[in-house]
1. For segment B:39-50, what are the residues that are more than 7 Å from chain A (Cβ to nearest Cβ) and either part of a loop (DSSP other than H, G, I, E, B) or under 60 Å from the mean Cα position of the chain (by Cα) (or both)?
2. Restricting attention to segment A:43-55, report how many residues are over 15 Å from residue A:78 (Cα atoms) and either within 14 Å of chain B (Cβ to nearest Cβ) or in contact (Cβ under 8 Å) with a residue 40 or more places away in the chain (or both).
3. Return the total of residues in segment A:32-42 being more than 8 Å from chain B (Cβ to nearest Cβ) and free of Cβ contacts under 8 Å to residues at least 24 places away in the same chain.
4. What are the residues in segment B:1-35 that are more than 23 Å from residue B:55 (Cα to Cα), within 8 Å of another protein chain (Cβ to nearest Cβ) and assigned to a helix (DSSP H, G or I), if any?
5. Taking only segment B:125-142 into account, find how many residues are surrounded by fewer than 13 Cβ atoms within 10 Å (Cβ to Cβ) and at pLDDT below 80.
6. I need the full set of residues from segment B:175-193 which are under 31 Å from the mean Cα position of the chain (by Cα) and assigned to a strand (DSSP E or B), in order please.
7. So residue A:165 fits all but one of (1) within 21 Å of residue B:62 (Cβ to Cβ); (2) surrounded by fewer than 18 Cβ atoms within 10 Å (Cβ to Cβ); (3) at pLDDT 85 or above; what number is the exception?
């Protein structure tokens, strides 16, 4: 992996100039990102297929991408179209709205495999958050109670953007706490 | 691990909202596109997405954040919300002032009503066998006004009010309330002198010491409750 930010775009420019050796590198970087993004949108068992199909389209068509458009944006659109097709062409179409709930159920199973010590430390950190950042703890509390973003904003009497900033700051505090327990490398 | 800067901090602030599933479709797409370009946010999501999702999944975490009793915070917390303070505090102060004024005027009205419930009866000397007669309406306090010939201001007199059976209902042995017109007043609750005949005796204390020269004056009067 290269150390520079905006690495995909830079590699793509190299590719456009005729350096075909970077294609595999681009695909690998995209795969990593696609996997993460798809994880939020489709069931675990289907992630691999959707990502593979998307990368295939990217590999086939990347030569024809105009230099005037953003390569990342183009690649992302391909993934989004594949995710859209996934819902429309399968029985999952009906459960689109419930998709997140199903996903969360799967996560329940997934989280059983999380490090028990980490879970314990995270709980400790949340106890701290309840003491030192009540508003953040309140957001988590409302999410647990099943409130949607608008309802959370309404109940807390804050704007949408304020909610995002509040959660962002809360996350920083939480990661600091996790770091103290040795559970956080990325800060 | 290499540290990267977020390429768009405005979109970057939606990182945790994305992890918690708070973004709508448009916002989520915007953030995902940002993930394609921003190494910092991508590394964060890659490392913490499952762990942060655990935050909203875990029953233990739910219990932890629920221990605070956030249910009550909604109504009470809102009152203390800084944004609301600007509205609530002046309103509360105005309401308190309004209540004070209302109570003040009500209390004053009450005082005036009490004064209006006092009736004055003026006793005049009568011949033997005759008496003053007054009709009293309702449960009022009675001011009994009388004139004692030769009374001096500030001097002590003895005043006794007794009913038809000779029972003393009021007695003041050091009455000094005569004015310059030899007029004195006492106030008695109607409860103490219900309907009936009464005798008011006024005596000069100095004369009482010298029994030979007594100038005691009596007023007879009858009260009838309507």
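1. The answer is B:48, and nothing else.
2. 3
3. Total satisfying the criteria: 1.
4. Listed by number, the list holds a single entry, B:33.
5. 7
6. Passing the criteria: B:187, B:188, B:189.
7. (1)
Table: residues versus (1) within 18 Å of residue B:22 (Cβ to Cβ); (2) more than 10 Å from chain B (Cβ to nearest Cβ); (3) part of a helix (DSSP H, G or I).
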site: A:125; (1), (2), (3): no, no, yes
site: A:152; (1), (2), (3): yes, no, yes
site: A:169; (1), (2), (3): yes, no, yes
site: A:173; (1), (2), (3): yes, yes, yes
site: A:178; (1), (2), (3): no, no, yes
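The values are calculated or read from the model by the stated rules, or taken from the named source; none is laboratory data. Given the structure is predicted, the values throughout are model-derived calculations rather than measurements. For neighbour counting, all protein chains shown are included, and Cβ atoms are generated from backbone atoms with ideal geometry for every residue, glycine included.
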